[in-house]
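A quick write-up on the structure given underneath.
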Amino acid sequence: MTCIVRVQEADFDLGAEIKALRLGNPAIGAVASFIGCVRDMNEGDSVGLMYLEHYPGMTERELAKICAEASARWEIFDTLVIHRIGELKPLDQIVCVVVTSGHRGESFSACEFIMDFLKTRAPFWKRESTPHGERWVDARAKDDAAAERWKQ
Amino acid sequence: MTIQLVFLARLRERFGVSRERFPLTADINTVSAVLHTLRQRGGAFAEELAEGRAFRVAVNQDVVALDHPVKAGDEVAIFPPVTGG
């Protein structure tokens, strides 16, 4: 059981990450993964560049806590979260979450759980440039609702 | 007797500062009391930290409620709701 959290400027290769996680563990029967990407539109405006800021230290702690909560809730083996920071542009990958388990149900659920709480608890902020200038992205009620349903 | 204040993202830009040493006194011993003192500076502090505005506070990197105690040496971060992922 490993919990890996990386916050980095560099891009990542999901295939290589999954290969490394599965290495030498024949008990893994399922791998669920999620990738979030930069879109070229937000709130009706075209987005040129995006800048991602975070709170070093707290980010890594909070992500590790979320992964630990997922491990306590489902029978899973490994969790991996990679989140990029700095300047990104449309088409770039921003974030990935990977969960391994014996059977698919646990990794599907845990992957979505980790992503829902990353969106509402991990201290990252996006600033985007649009034809009207730069603006900080506002938090969305929809994300709070997505995280809230795991508490029921 | 000080704490380290940390302002992040939009709040850092609005306040024009990312970190500052903040003196504690006998009656400033909760997050609420720190916020009250900051609001008294007026301007962006009064506006952004007004009651009912959406912001979060973390003490030593854990998000806390406003009645959470603060003590000398704490790192108290104030930031907007998060928007990562």
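Overview of results
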{"read-out": "Selected residue (only one of B:73, B:84 is among the small types (Gly, Ala, Ser) and at positive phi)", "value": "B:73"}
{"read-out": "Failed item in (1) within 15 Å of the chain's Cα centre (by Cα); (2) modelled with pLDDT under 95, with residue A:52 passing the rest", "value": "(2)"}
{"read-out": "Yes/no for residue B:24 being surrounded by 12 or more Cβ atoms within 10 Å (Cβ to Cβ), more than 14 Å from every other protein chain (Cβ to nearest Cβ) and either within 15 Å of residue B:66 (Cβ to Cβ) or out of contact with any strand residue (DSSP E or B) (no Cβ under 9 Å at 6 or more places or on another chain) (or both)", "value": "no"}
{"read-out": "Tally of residues being surrounded by fewer than 16 Cβ atoms within 10 Å (Cβ to Cβ) and either on the phi > 0 side of the Ramachandran plot or in contact (Cβ under 8 Å) with a residue 24 or more places away in the chain (or both) across segment B:33-46", "value": "3"}
{"read-out": "Wholly within segment A:58-152, strands (runs of 3 or more DSSP E) carrying at least 2 residues that are in contact (Cβ under 8 Å) with a residue 24 or more places away in the chain and more than 11 Å from chain B (Cβ to nearest Cβ)", "value": "A:76-84, A:86-88, A:93-101, A:124-130"}
{"read-out": "Residue B:74, sole failed condition from (1) in contact with a strand residue (DSSP E or B) (Cβ under 7 Å, 6 or more places away or on another chain); (2) charged (D, E, K, R); (3) without any contact (Cβ under 8 Å) to a residue 40 or more places away in the chain", "value": "(3)"}
{"read-out": "Top-ranked residue in segment A:24-46 [being at pLDDT 95 or above and surrounded by 15 or more Cβ atoms within 10 Å (Cβ to Cβ); ranked as nearest to the other protein chains (Cβ to nearest Cβ)]", "value": "A:36"}
{"read-out": "Selection count, segment B:49-63, where residues are within 12 Å of chain A (Cβ to nearest Cβ) and either of a type in the set (Asp, Glu) or assigned to a loop (DSSP other than H, G, I, E, B) (or both)", "value": "5"}
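The values are calculated or read from the model by the stated rules, or taken from the named source; none is laboratory data. From a predicted model like this one, the values you see are computed outputs, not experimental measurements. Reconstructed Cβ throughout: ideal geometry from the backbone, glycine too, with neighbour counts over all protein chains shown.
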